[in-house]
Amino acid sequence: EPEVTQTPSHQVTQMGQEVILRCVPISNHLYFYWYRQILGQKVEFLVSFYNNEISEKSEIFDDQFSVERPDGSNFTLKIRSTKLEDSAMYFCASSPDRGRWQPQHFGDGTRLSIL
Amino acid sequence: SQELEQSPQSLIVQEGKNLTINCTSSKTLYGLYWYKQKYGEGLIFLMMLQKGGEEKSHEKITAKLDEKKQQSSLHITASQPSHAGIYLCGADYSGGGADGLTFGKGTHLIIQP
């Protein structure tokens, strides 16, 4: 069964550094998402992306964050000037199409640790 | 207060017993999704409910959506060790957009042999 793959599984970065989290969505999916989960807290939506532009973003997704689809398969989340509070599990998800009837399929996540 | 409340927060059930997890929304739901998460891992899609009164089943798991109460329940029959994990409900409040889901805090399910 096709799946969303994320790399790396664990990323350790010094505070203030930039980090790029990578995702390969399911190949025929059109909508892509990033979520984060701070340890012990709930999964929070960051951003959705369609047709090479942001479709929706939450208040968490400020100027520190950016997303990109650099080629036909990858979808990346860049965090500039990382802060301690950016430490979390970051999940990528994709869905076949827009709409309430389309489940989002999640990857296994990247655990980001900011030192 | 939370938009999406799950109850109970945690549940310990003896293997073979039935159990129910609830998810209640404070806002109108356009869709309700159930996911399972193993500790430190990704979310596995279980079921999606779209309309009030809808009920879906997969193996020993059944989910229902009560539109009047804006509530969904997830019922597991004859629980097994493989059912252990964190069950998350996710709400679509957008009414059809490609927007993010709002998740509850999750229910930690432990199955005792």
| query | Which of the following residues is within 14 Å of chain A (Cβ to nearest Cβ), open to solvent by less than 20 Å² (accessible area, probe 1.4 Å), under 26 Å from A:PHE91 (Cα atoms) and touching an Asp or Glu at 6+ places or on another chain (Cβ under 7 Å): B:GLY106, B:GLY100, B:GLY90? | reply | B:GLY100
| remark: A:GLU68: passes all of (1) of a type outside the set (Gly, Ala, Ser); (2) closer than 22 Å to A:MET15 by Cβ; (3) more than 13 Å from chain B (Cβ to nearest Cβ) but (2)
| query | Does B:SER73 satisfy being under 16 Å from B:PRO8 (Cα atoms), of a type outside the set (D, E, K, R) and more than 14 Å from chain A (Cβ to nearest Cβ)? | reply | yes
| message | Please determine whether any residue of region B:48-60 is closer than 22 Å to A:TYR90 by Cβ, open to solvent by less than 50 Å² (accessible area, probe 1.4 Å), within 12 Å of chain A (Cβ to nearest Cβ) and in a strand (DSSP E or B). | response | no
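For the condition small (Gly, Ala, Ser) and under 15 Å from the mean Cα position of the chain (by Cα), what is the one hit in B:GLY40, B:GLY85, B:GLY53?
B:GLY85
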| field | Filter result (of a type outside the set (Gly, Ala, Ser) and either closer than 10 Å to B:TRP34 by Cβ or not in a strand (DSSP E or B) (or both)) within region B:66-78 | value | B:GLU67, B:LYS68, B:LYS69, B:GLN70, B:LEU74, B:THR77
| From the list B:SER79, B:SER72, which one is over 14 Å from the mean Cα position of the chain (by Cα) and open to solvent by less than 10 Å² (accessible area, probe 1.4 Å)? | B:SER79
| request: Considering only region B:16-45, state which residues are under 18 Å from B:SER79 (Cβ atoms), crowded, with 19+ Cβ neighbours inside 10 Å and at pLDDT below 95. | output: B:GLN37
| note | Considering residues that are more than 9 Å from chain B (Cβ to nearest Cβ), open to solvent by less than 10 Å² (accessible area, probe 1.4 Å), of a type in the set (Gly, Ala, Ser) and out of contact with any Pro (no Cβ under 7 Å at 6 or more places or on another chain), the number found within region A:85-115 is 1
| query | What strands (runs of 3 or more DSSP E) lie completely within region A:15-84 and have 2 or more residues being open to solvent by 20 Å² or more (accessible area, probe 1.4 Å) and farther than 23 Å from A:THR5 by Cβ? | reply | A:53-57
| said: For region B:3-15, give me the residue count where each residue is open to solvent by less than 60 Å² (accessible area, probe 1.4 Å) and assigned to a loop (DSSP other than H, G, I, E, B). | reply: 1
| field | Of all residues in region A:2-14 being open to solvent by less than 80 Å² (accessible area, probe 1.4 Å) and closer than 17 Å to A:GLN104 by Cβ, the one that is nearest to the chain's Cα centre (by Cα) | value | A:GLN6
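The values are calculated or read from the model by the stated rules, or taken from the named source; none is laboratory data. Here the structure is a predicted model, which means the values were calculated and not measured. All Cβ positions, even for glycine, are placed from backbone atoms using ideal geometry, and neighbour counts span all protein chains on display. Surface areas here come from the heavy atoms of the whole protein model, side chains and all, with no ligands, DNA or RNA. Shrake-Rupley method; radii C 1.70, N 1.55, O 1.52, S 1.80 Å.
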